[in-house]
Amino acid sequence: MRSTRTGLVLFGLALAAFVGYLAGPRSGLLVLIGLGFGLVLEGLRFGFAGPWRVLVTERDGRALIAQLLAIGLAALAAFPLLAAAPGELVGAHGPVGIGMILGAFVFGICMQLVLGCGSGTLVNAASGNLVGATALVTFILGSFLGTLHLDWWTGLGSLPVITLQGVFGNSGGLLVTLGGLALVGALVLSRAEPGKRRPVPRLLLAAVLLGILATLNLLVAGQPWGIVYGLGLWGAKLAEAGGADLGTSTFWSSPGHAERLTESILLDPTSLTNIGLIVGAFIAMRWRSVVSPQVGALRWQSWAAVAAAGLVLGYTARIAFGCNVGAYFSGIATGSLHGWVWFAAAFAGSALGIRLRPVLLRPSIQPPLVRAGAAR
Amino acid sequence: MTASAARPGRSAVAAAIIALTAALVAFDLATSEPINPYAAPPPLAFGSGEAAGTAHCAAPTAKAPE
């Protein structure tokens, strides 16, 4: 076991060193940060979809309180950093619009169907969960397809980008953000049953580590932690290799995105942290002396539903200007109004997804679906 | 009608995901513009004096009002 763990540590460090050697120190650092995300999410079993589900179904608010704590910690660092270096750092500031709200709502539905969100799908896949692996493949396709239609969805109606810093000033925006998180926390506590309110030490540790890693991501990359942009870029590169002409795409022909398309993904911050996250989750899974059993067998119709849900997850994350990480976590932590609207819409969708899950995910054998590993 | 009961274990699926990720990176390195290590950005964006990138999850499109 010791040799396996030594090998896993060396594997992670070698990956970061290899990327740093090829693409420069920033890329190497971003792989290390991504490794940290993966180790925390899988190693400490910190998720996003599961906590939303258990609050609704089991009145357990502990993990959601930990999420809010992580976002608050990230906000405490992000607001002053963004104010100190407005040209060098950008927040996850997206516009609120019809397509964005609809996208977040449907994303919320689908994240309960695939047992994971944006980060959760990566973590589940890398830790060997067959549902997560299936969803990841179609998630990449969906993210790419979303880029092709993003302009149309935005054209349905969209407000200007609104930030809490812009409305209330830097200090005021931070206070409103922390106050908003406290208000949501109070609602969660009022919903949760006694004994299911205070996060366990594992979740508190994960929240603190995620806050630190998100801050490091901002300092190193100049942009907040995200997931879906990188997956859409991977899909675009594969589509180009398959003969697609993306020169006519509004999204991929705009300067910033066109540059990403021609450059290596080892220069794209979101791709780098995604790669690190995948490997980090893999290391955390292999670190354990006993590997969890595979998810239970599903009917073929349910596998088709998982694949379709993964596709829709990717598509809707793109038109919603981010997933649970890029919009909810990073959007709120950096003062974007769209992060709050995303949260409300996705939570409503999640409540519907919880009801659809037993209808669409049906075991092929009895007893019912083994829930190996918590939904993220 | 059921899915095959002989599903791959977690270790096999995880190994396949790592292999696919490695294949993606290899494919990308073979098809993208060569990386110029001498043009690499500074280690930290903060304090670099360089403008932040526009390619991230929340970046508005051309039609989105700024």
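The values are calculated or read from the model by the stated rules, or taken from the named source; none is laboratory data. Because the structure is predicted, anything quoted here is derived from the model rather than measured. Positions of Cβ are generated from backbone atoms using ideal geometry, with glycine treated the same way; all protein chains shown enter the neighbour counts. Each accessible area value is taken on the protein alone, full model and side chains, heavy atoms only, with ligands, DNA and RNA left out. Shrake-Rupley method; radii C 1.70, N 1.55, O 1.52, S 1.80 Å.
For this structure, a couple of remarks:
- Alpha-carbon centroid distance for the pair segment A:325-347 / segment A:26-57, whole angstrom: 17 Å
- Segment A:1-107: C-alpha gyration tensor shape, a/c 1.5 cut-off, then a/b vs b/c: oblate
- Peptide A:259-265 shows a mean partner chain C-beta count of 5 within 10 Å per residue C-beta.
- Structure remark: mean-square fluctuation, Gaussian network model of chain A, C-alpha springs under 10 Å; the largest value among A:Leu233, A:Leu183, A:Leu218 belongs to A:Leu183.
- Alpha-carbon centroids, segment B:16-56 and segment A:180-208: separation in whole Å: 37 Å
- Measuring nothing but alpha carbons in segment A:58-204 and taking Rh as the Kirkwood radius, the Rg to Rh ratio lands at 1.00.
- The alpha carbon convex hull volume per residue for segment A:226-376 rounds to 156 Å³.
- Highest-fluctuation residue, A:Gly20, A:Gly256, A:Gly43 considered, GNM on chain A with Cα pairs under 10 Å: A:Gly256
- Under-5 Å amide H pairs with A:Val96, H placed in peptide plane, nonlocal only: A:Leu159, A:Ile162
- If you take the alpha carbon atoms of segment A:81-121 and fit the smallest convex hull around them, that volume is 94 Å³ per residue.
- Phi angles across segment A:218-231 convert, under the Karplus curve 6.51 cos²θ - 1.76 cosθ + 1.60 with θ = phi - 60°, into 3J(HN,Hα) values of 5, 5, 7, 7, x, 9, x, 4, x, 10, 5, 4, x, 5 Hz, Gly and Pro given as x.
- For chain A, built as a Gaussian network whose Cα springs stay under 10 Å, the top-fluctuating residue of A:Arg53, A:Arg45, A:Arg299: A:Arg299
- Semi-axes of the equivalent ellipsoid for the protein assembly as shown, Cα gyration tensor, largest first, Å: 29, 26, 22
- Accessible surface buried by the A/B pair amounts to about 5200 Å², both sides summed, 1.4 Å probe.
- Amide H partners (placed H, <5 Å) of A:Leu298, local residues excluded: A:Ser364, B:Ala3
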